[in-house]
Amino acid sequence: MIRTRVAAALRGMPRAAGIAVFIMVAVGLTAPLLAPYDPNVIDLGNAFGGPTSHNWLGTDHLGRDLLSRLLYASQTTITAVAAVIGCAILVGGLVGVIAGAVGGLVDELVMRVTDVFMSIPSMVIALAVIGAFGTGYFTMVVALTLGWWSAYARLARSVVLSTKEQPHIEALTVLGASALRIFGRHLVPAAIGPALVYAAGDAGLVALSVASLSFLGMGVKPPQSEWGQMLVDGTRYLESDPVLVILPGVALTLFVVTLNVFSRSIALRSSPGALPHARVARRLRRLPALSPRATRTAVATSPDPLAKKMVSS
């Protein structure tokens with residue numbers, strides 16, 4: 001059942017954006033195999049080195065290979081995004097499904113707590129948690145999860161409330177199916193598809209949040225490479241060696257833009273009133289405009305009462 005829901009959520013996935021996301025994720029996960037050098041090895045004699053046959057993108061202010069650091073930074077970002085989104089779906093989805101399934105006072109209390117978290121910006125929650133418990137990779141993941149779980153709780157609850165009204169759920173209840181069986185085999189799988197679509201849109205924002213926290217010194221700690229950490233290290237040498245800022249900035253931009261295009265395409269294909277394909281839209285624009293008389297005839301024969309009222313007026 002869950003596998004079917006996941007396949008339905010990914011059906012019709014845009015090919016170009018999907019391939020781009022797959023390549024970026026594959027590069028990030030295989031960074032230790034692709035990186036030519038250890039990203040943390042310091043060689044001060046080769047600091048600020050330009051592109052060579054040994055260092056394709058040059059070296060930073062400590063003589064570390066930029067290509068290796070960019071590849072390992074992609075692994076750090078992808079792992080953090082997957083951890084935050086996965087924990088947010090698990091915690092928020094489970095809370096929302098329970099609240100929608102139980103209802104009553106439990107639903108009211110859970111939704112009021114969810115409203116409190118949703119009313120506070122996620123970055124504010126993350127900064128507060130990191131300020132209270134200190135910096136670090138694990139603390140950053142927990143802090144961002146606390147800032148994102150409420151949206152998935154609200155989404156899962158709305159899906160469960162609509163699913164509970166479906167005829168097959170009422171039939172199962174009449175036939176004597178247990179509440180636990182309905183919860184595990186029908187309500188939970190129903191919330192997975194919308195949560196995955198929503199998660200595709202959140203991935204880019206989470207990546208920006210990870211980079212922002214690292215840029216502020218409240219996320220990934222050095223010497224672990226991360227795009228935000230590389231940006232803050234390179235800003236001190238922006239005038240003398242702008243490549244140290246340009247390369248991680250371009251990598252982060254490409255990653256976020258690719259995820260946003262991917263999520264937008266999935267959202268458009270998953271919506272009930274999906275927009276027409278680009279070729280169809282271009283052909284429709286090329287059609288000749290109707291004459292005023294033909295337009296009035298078409299509107300008059302429309303079943304929409306508002307259109308007929310417009311023609312009569």
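The values are calculated or read from the model by the stated rules, or taken from the named source; none is laboratory data. From a predicted model like this one, the values you see are computed outputs, not experimental measurements. Don't worry about glycine lacking a Cβ; one is built from the backbone with ideal geometry, like all the others, and counts go over all protein chains shown. What goes into the accessible areas is simple: the full protein's heavy atoms, side chains included, and nothing from ligands, DNA or RNA. Shrake-Rupley method; radii C 1.70, N 1.55, O 1.52, S 1.80 Å.
Computed values, structure above
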read-out: Filtered residue count, the range 232-256, keeping only those that are assigned to a helix (DSSP H, G or I) and either open to solvent by 70 Å² or more (accessible area, probe 1.4 Å) or among the basic types (Lys, Arg) (or both); value: 5
read-out: Tally, over the range 105-128, of residues that are without any contact (Cβ under 8 Å) to a residue 40 or more places away in the chain and surrounded by fewer than 18 Cβ atoms within 10 Å (Cβ to Cβ); value: 14
read-out: Residues satisfying the stated conditions in the range 52-70, i.e. open to solvent by 80 Å² or more (accessible area, probe 1.4 Å) and farther than 22 Å from Phe255 by Cβ; value: Ser53, His54
read-out: Those helices (runs of 4 or more DSSP H) lying entirely in the range 36-154 with at least 1 residues at positive phi; value: 104-119
read-out: Any pair with Cβ under 6 angstrom, 6 or more apart, that starts in the range 216-231 at a residue that is within 17 Å of Leu127 (Cα to Cα) and open to solvent by 10 Å² or more (accessible area, probe 1.4 Å) and ends at one that is in a loop (DSSP other than H, G, I, E, B) and of a type in the set (Ser, Thr, Tyr); value: Met218/Thr135
read-out: Test: residue in the range 184-191 that is open to solvent by 60 Å² or more (accessible area, probe 1.4 Å), modelled with pLDDT under 80 and either β-branched (Val, Ile, Thr) or part of a helix (DSSP H, G or I) (or both); value: yes
read-out: Qualifying residue in the range 154-161 (condition: buried (at least 20 other Cβ atoms within 10 Å of the Cβ), among the charged types (D, E, K, R) and under 23 Å from Trp56 (Cβ atoms)); value: no
read-out: Qualifying positions in the range 14-37 - in contact with a helix residue (DSSP H, G or I) (Cβ under 7 Å, 6 or more places away or on another chain) and open to solvent by less than 90 Å² (accessible area, probe 1.4 Å); value: Pro14, Ala17, Gly18, Ala20, Val21, Met24, Val25, Val27, Gly28, Ala31, Ala35, Pro36
read-out: Any chance Leu146 is touching a residue at least 40 places away in the same chain (Cβ under 8 Å) and open to solvent by 20 Å² or more (accessible area, probe 1.4 Å); value: no
